[in-house]
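Here the structure is laid out as structure tokens; the discussion comes afterwards.
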Amino acid sequence: MSKNGKESKIFHRVRLRPAHKIVLGFLGVIVLGAFLLCLPVSAKSGKWMSFLDAMFTATSAVSTTGLMVLPDTATYFSVFGQIVLLILIQFGGVGFMCITTLLFMLLGKKITLADRITMKTEFNQDNNRGLVRLGRNIMLVTLAIEGFGFILLLYPFVSANGGIGVWQALFTSVSAFCNAGFDIMGTGNSLGTFVGDITVNLSVSFLILLGGFGFAVLMDILNCKFNPKKLSLHTKVALITSGVLVAVGWVFFFGAEFGNEATMGGMTVGGKLLASLFQSVSPRSTGFATIDQNGMTSASKFMTMFLMFVGASPGSTGGGIRTTTFTVLILITLTGFGEKEDITIGRHKINRQTARKSVSVFSASLLLVLVSTFILLFSERSSGISFENILFECFSAYSTSGLSCGLAAVLSPVGKIVLMLNMFFGRVGMVTIGLMFISASAHDNKIVYPDGNINVG
């Protein structure tokens, strides 16, 4: 074999697949963000932040989680630091390749086929057609929704906090749509000050839901001109599942927290309904809170963990196993108890690849959360933190929700690293992580093995 032939073979072996590019892209942004956040100019005190804390904060921002090891975002970070956080949140919300595509377009750089294949993987699309246009439209829709949210939040925030309310409205709008949930109020209780404010609650809930639907759903709604009959099956499943989860959570939290003085004490019935609605929407991968998460009943914490684990829809700014995955899992379960071989929804059959992917995502995600909880039970045993709160924090980190019972601020270095990995894997997605290590061989796909019987159930 010639020298050039050997070099070509080696180059082919080390060529990065789309999954590698996405993971390395997010990781590069996190490291750069951590470097900027640990600089003295990023802190109001003018002191250096430890690099581990900076990495945790940057990971939380890029993964659009909102968990913090610092007592308060607004109190600790300077204007420069808060701007860096906002950029990281926006970057994490719309995705690595979407921002890269926008920069390529502005610089007049050609977008190659390899770039389009990577975009297809990140956007969760079936083919390479129209990806550049999709990336541009995603940015336009994102800026339009965030701008509208900014206008809605402007009056209540300025009325409550004066001129700084303009910045708070902008930061909160971006953070809500990107499902980040970073607290910029400076009160230490997220949006607890506005627990009875209808405008703030409904506006932030509106932003959270739109961000959690996914860009594919938003584009489909716009392309169909809001005609329900023309919507794709994916859009219908995502919207219906999201609506059912919000409704169930709303009723559940209202009943479970109605008489809880630690969370809804002193509220009117209308106020409790509003707080229950927000608590049902926020765990879908955002992290904003109007009631004390640590003061909730165990039943409410368990329901919050469930909602966080399901999360938002595919291709959205949120995390979790995704709403469509949850629906497919239910259909698989119902089919398994029946005599039908095909998994159907309405007049459509779910293909086996989708079914296998759903089971894989659920199993890998649950395993990651349980292993992380197990590690934290050892690493944080001296702090006296309850199993319930450790499990809550692990679910929150993986689902990139950001709701917290106050555990993140007192974590050991090992605990911080574990939650960082959970946030990173949750944002990138278990499918992308799996594609990094598993590559199906065309030869293997042609092999047909005999059936093997295993008794289950």
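A few remarks follow.
- Dimensions (Å) - the range 248-300, Cα atoms, principal axes, largest first: 28, 21, 17
- Accessible area per residue in Å² at 1.4 Å probe, computed on the range 163-203: 30
- Taking every protein chain into account, the accessible area of the range 319-366 amounts to 65 square angstrom per residue (probe 1.4 Å).
- Calculated FRET value between PHE80 and GLU341, using beta carbons and R₀ = 41 Å, to 0.05: 0.10
- Solvent-accessible area assigned to carbon and sulfur over the range 250-389 amounts to 64 percent, based on a 1.4 Å probe.
- Taking amide H as placed 1.01 Å from N in the peptide plane, ILE350 has its amide H under 5 Å from the amide H of ILE343, THR344, ILE345, each at least 5 places away in sequence or on another chain.
- Cα centroid separation, the range 337-410 to the range 17-53 (Å): 26
- Contour minus Cα-Cα distance for VAL158 and LEU273 (0.36 nm per residue): 38.9 nm
- LEU140 exposes around 110 Å² of accessible area when a 1.4 Å probe is run over every protein chain in place.
- Remark: the Cα gyration tensor places the range 227-385 in the oblate category, a/c being 1.5 or greater and a/b not exceeding b/c.
- Protein heavy-atom surface of the range 130-249, 1.4 angstrom probe: 70% of the accessible area is carbon and sulfur, with nucleic acids and ligands not counted.
- Gyration tensor verdict on the range 141-215 (Cα atoms; rounded if a/c is under 1.5, prolate if a/b is larger than b/c, oblate otherwise): prolate
- Cross-linked pairs LYS47/LYS416; LYS236/LYS340; LYS21/LYS416; LYS229/LYS340; LYS229/LYS301: Cα-Cα separations exceed 30 Å for LYS229/LYS301.
- Extending 7 Å from Cα along the Cβ direction at VAL31 and again at VAL166 yields two label points whose distance is 3.8 nm.
- Residue order by solvent-accessible surface for TYR155, TYR76 is TYR155, TYR76, largest first, with ligands and nucleic acids left out and a 1.4 Å probe.
- Global geometry of the range 161-285, whether rounded, prolate or oblate, following the gyration tensor of its Cα atoms and the 1.5 cut on a/c: oblate
The values are calculated or read from the model by the stated rules, or taken from the named source; none is laboratory data. Predicted model only: the values in this text are computed from it and were never measured. For neighbour counting, all protein chains shown are included, and Cβ atoms are generated from backbone atoms with ideal geometry for every residue, glycine included. We work out accessible area using only protein heavy atoms, side chains counted, and drop any ligands, DNA or RNA first. Shrake-Rupley method; radii C 1.70, N 1.55, O 1.52, S 1.80 Å.
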